[in-house]
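The values are calculated or read from the model by the stated rules, or taken from the named source; none is laboratory data. Given the structure is predicted, the values throughout are model-derived calculations rather than measurements. Backbone-built Cβ (ideal geometry, glycine too); neighbour counts: all protein chains shown. Heavy atoms of the whole protein, side chains included, go into the accessibility calculation; ligands, DNA and RNA do not. Shrake-Rupley method; radii C 1.70, N 1.55, O 1.52, S 1.80 Å.
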Amino acid sequence: MRYMLIMQVEPEAAARAAEELDIEQVIAAMGAYNEELQKAGVFLSAEGLSDASEGFRVDFTSVPPAVTDGPFAEAREVFTGYWILEVASREEAEHWAKKCPLGPGVALEVRRVNELSDFDMPDNEWISKEQEWRAANA
């Protein structure tokens, strides 16, 4: 099973971190965590994201969709990065999430990544094409 650990940071925590944390120490802590995940054989990928002020949101409520530049004032938390892990169970995903070196004002939302087998549509043209694409790019 693959799980995504989605890092969400409250704006106040991000401001505090920018002022109070040593970026070298943050990178070292994350590097050690990622190395531990790799050694355990569960690490698939991880990425940090640029500041929300560089992003935009596409809202499909209207036609055409509305585009709003960041930052997003209505957001209580900002999605700042993620990990993708391949683990045997929900409990193992929880184990690794709890070990992440994060602090107050930061949370991880952990969600299972759907597999093609979750969609019980063996004759669906698009599911078949996706399986072919994945096999060719594995």
- Starting from the alpha-carbon convex hull of the stretch 36-81, give the projected area averaged over all orientations, in nm². 4.9
- Message: Let me make sure I get this right: for the stretch 11-87, a, b and c are the square roots of the gyration tensor eigenvalues over alpha carbons, sorted descending. Under 1.5 in a/c it's rounded, otherwise prolate if a/b > b/c, else oblate. Which is it?
- Response: oblate
- Note on the structure: Helix-only [θ] at 222 nm, the chain, -39500 (n - 2.57) per DSSP H run of 4+, per residue, nearest 500, equals -11000 deg cm²/dmol
- Note on the structure: Any GluC sites (Glu not before Pro) in the stretch 32-100 that lie in a DSSP loop and have at most 13 other Cβ atoms within 10 Å would be 74
- Message: Need one number: nm distance between label points at residue 68 and residue 125, each 7 Å from Cα along Cα→Cβ, rounded to one decimal.
- Response: 3.7
- Query: When the accessible area of the stretch 30-138 is split by element with a 1.4 Å probe, what percent falls to carbon and sulfur?
  - Reply: 52
- Message: Taking loop as defined by DSSP and a crowding limit of 14 other beta carbons within 10 Å, which trypsin sites (Lys or Arg not before Pro) in the stretch 97-137 fit?
- Response: 99
- Message: Taking R0 as 22 Å, what FRET efficiency do you get between residue 60 and residue 98 from their Cβ-Cβ distance, rounded to the nearest 0.05?
- Response: 0.05
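According to the square roots a ≥ b ≥ c of the eigenvalues of the Cα gyration tensor, what is the shape class of the chain, taking rounded for a/c under 1.5, prolate for a/b larger than b/c otherwise, and oblate for the remainder? Let's see the in-between values first.
Values: a/c = 2.35, a/b = 1.21, b/c = 1.95.
Judged from the Cα gyration tensor, the chain comes out oblate (a/c at least 1.5, b/c at or above a/b).
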- Query: Stretch residue 76-residue 88 to full length: gain in nm at 0.36 nm per residue minus the Cα-Cα span?
  - Reply: 1.1 nm
- Query: In terms of modelled amide H atoms, which long-range or inter-chain residues lie less than 5 Å from the amide H of residue 70?
  - Reply: 55, 56, 57
- Note on the structure: Expressed in square angstrom to the nearest 10, the accessible area of residue 128 with a 1.4 Å probe stands at 40
- Between 49, 85, 105, whose Cα lies farthest towards the positive end of the dipole of the chain when Lys and Arg beta carbons carry +1 and Asp and Glu beta carbons carry -1, centred on the Cα centre? 85
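Which trypsin sites (Lys or Arg not before Pro) from the stretch 1-88 combine a DSSP loop assignment with at most 14 other Cβ atoms within 10 Å?
Sparse-neighbourhood loop trypsin sites (Lys or Arg not before Pro): 76.
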- Task: In debye, nearest 20, what is the charge dipole magnitude of the chain about its Cα centre with +1 on Lys and Arg Cβ and -1 on Asp and Glu Cβ, if you could check?
- Result: 260
